[in-house]
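Bear in mind that the values in this text are calculations on the coordinates, not laboratory data. Quick caveat: nothing in here was measured; it's all calculated off a predicted structure. Positions of Cβ are backbone-derived with ideal geometry, glycine not excepted, and every protein chain shown enters the neighbour counts.
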């Protein structure tokens with residue numbers, strides 16, 4: 001259901017921007033459509049490899065290794081483990097969030113799980129290699145990732161300070 | 001020896017054959033090779049553990065996933081291309097460029113938060129913004145905002161799997177992070193590449 005809504009918003013945005021481009025002139029619309037289609041054709045092989053292959057990577061990574069040390073008394077070492085685990089988690093959002101949920105149910109501390117989810121969102125290696133590097137200049141991607149390193153720790157610190165969730 | 005004084009910082013080799021920086025280039029990079037090797041090794045391990053049935057089961061599931069994602073990838077590429085064509089360069093560099101200040105980071109954050117879709121839209125659009133004059137800081141704010149406070153993934157995956165309480169607090173805690181990441185990005189960027197600054 002929510003996937004349908006997202007698709008509708010997505011294609012409505014494409015249509016709206018396409019309309020604006022068409023108003024600016026036919027040439028702008030056709031140029032943009034041609035550029036976008038070329039990008040699409042270039043990107044499909046990489047995405048095919050990643051999406052079709054990611055199931056195998058997810059199947060062989062032992063999940064308990066990722067969630068093993070996130071207990072409430074694990075402190076900053078647990079946060080560090082969570083950050084590394086988040087970056088190393090393969091697969092899409094189902095895998096990332098499910099592991100987070102497993103860690104919470106298994107008695108993981110909230111700050112550690114927050115750090116895990118934030119690190120996964122920022123650095124999951126598979127998304128970096130599969131989506132971000134193909135679409136963005138590699139220099140930007142590494143710079144963005146390096147600059148983001150402090151933030152899962154900051155998120156964990158805020159969670160510890162406010163005692164939530 | 002005599003060429004020492006000539007040792008100007010050589011312009012990036014790819015600058016010459018890349019008229020549109022930030023758009024998609026080389027068909028196969030080393031990242032693809034890393035992924036291909038990882039996939040091959042993992043598929044072999046699955047085959048040894050679960051036999052050919054295990055391999056085929058994962059393959060059919062992922063093929064279905066791939067088929068479902070393809071139209072969205074096309075939509076994302078079109079969005080990026082439209083943005084690159086429509087947005088006026090001077091305007092973008094004024095509101096999202098290196099001198100856009102806190103306002104630029106806030107605009108990048110807001111843009112990332114409202115952007116529809118998944119990685120198939122966020123990265124082409126971010127790349128388009130870089131092309132039309134946004135700086136690293138504002139683009140970092142946009143990408144980090146999309147990944148941390150964007151509603152798409154939170155509504156579709158995080159709420160049902162992690163629960164409302166966790167998701168809402170996680171987002172509240174994440175609110176300041178995109179602006180901070182963008183500011184840190186700018187701070188480091190002008191020190192790493194002092195020549196690039198205007």
- Item | Rounded D (µm²/s) - the protein assembly as shown, Kirkwood Rh over Cα pairs, Stokes-Einstein at 10 °C, 1.306 mPa s | 74 µm²/s
- Neighbouring partner chain Cβ atoms per residue of B:107-113, average, 10 Å criterion: 0
- Highest-first arrangement of A:96-108, B:183-195, where packing means the average Cβ count within 10 Å: A:96-108, B:183-195
- Cα long-axis angle, helix A:93-105 against chain A (0 to 90 degrees, to the nearest 10): 20 degrees
- Cα gyration tensor shape of chain A, rounded if a/c is under 1.5, else prolate or oblate by comparing a/b with b/c: prolate
- Note on the structure: Per its Cα gyration tensor (rounded if a/c is under 1.5, else prolate when a/b beats b/c, else oblate), region A:26-87 is best filed as oblate
- Query: What does the average come to when, for each residue of peptide B:165-177, you count the partner chain Cβ atoms lying within 10 Å of its Cβ?
  - Reply: 6
- Task: Go ahead and run the numbers for FRET between residue B:187 and residue B:30, Cβ-Cβ distance against an R0 of 30 Å, rounding to 0.05.
- Result: 0.55
- Message: Which of B:60, B:44 has the fewest other C-beta atoms within 10 Å, and how do the rest follow up to the most?
- Response: B:60, B:44
- Query: What is the packing order of peptides B:125-134, A:86-95, A:122-131, taking the mean over residues of other C-beta atoms within 10 Å and listing the highest first?
  - Reply: B:125-134, A:122-131, A:86-95
- Note on the structure: Rounded to two decimals, the Debye log10 I(q)/I(0) of region A:96-165 (Cα scatterers, no solvent) at q = 0.13, 0.17, 0.19 Å⁻¹ is -0.43, -0.67, -0.78
- Neighbouring partner chain Cβ atoms per residue of B:184-194, average, 10 Å criterion: 2
- Message: Going by average Cβ density within 10 Å per residue, which order do the peptides B:103-110, B:66-73 take, highest to lowest?
- Response: B:103-110, B:66-73
- Query: Between region B:83-135 and region B:28-44, how many Å separate their Cα centres?
  - Reply: 32 Å
- Note on the structure: From fewest to most C-beta neighbours within 10 Å, the residues B:140, A:114 line up as A:114, B:140
- Quick one: go through region B:103-141 and flag any residue whose amide nitrogen is under 13 Å from the point 7 Å out along the Cα-to-Cβ line of residue B:171. B:113-115
- Quick one: grab the alpha carbon gyration tensor of region B:4-192, order the square roots of its eigenvalues as a ≥ b ≥ c, and give me rounded if a/c is under 1.5, else prolate or oblate depending on whether a/b is larger than b/c. oblate
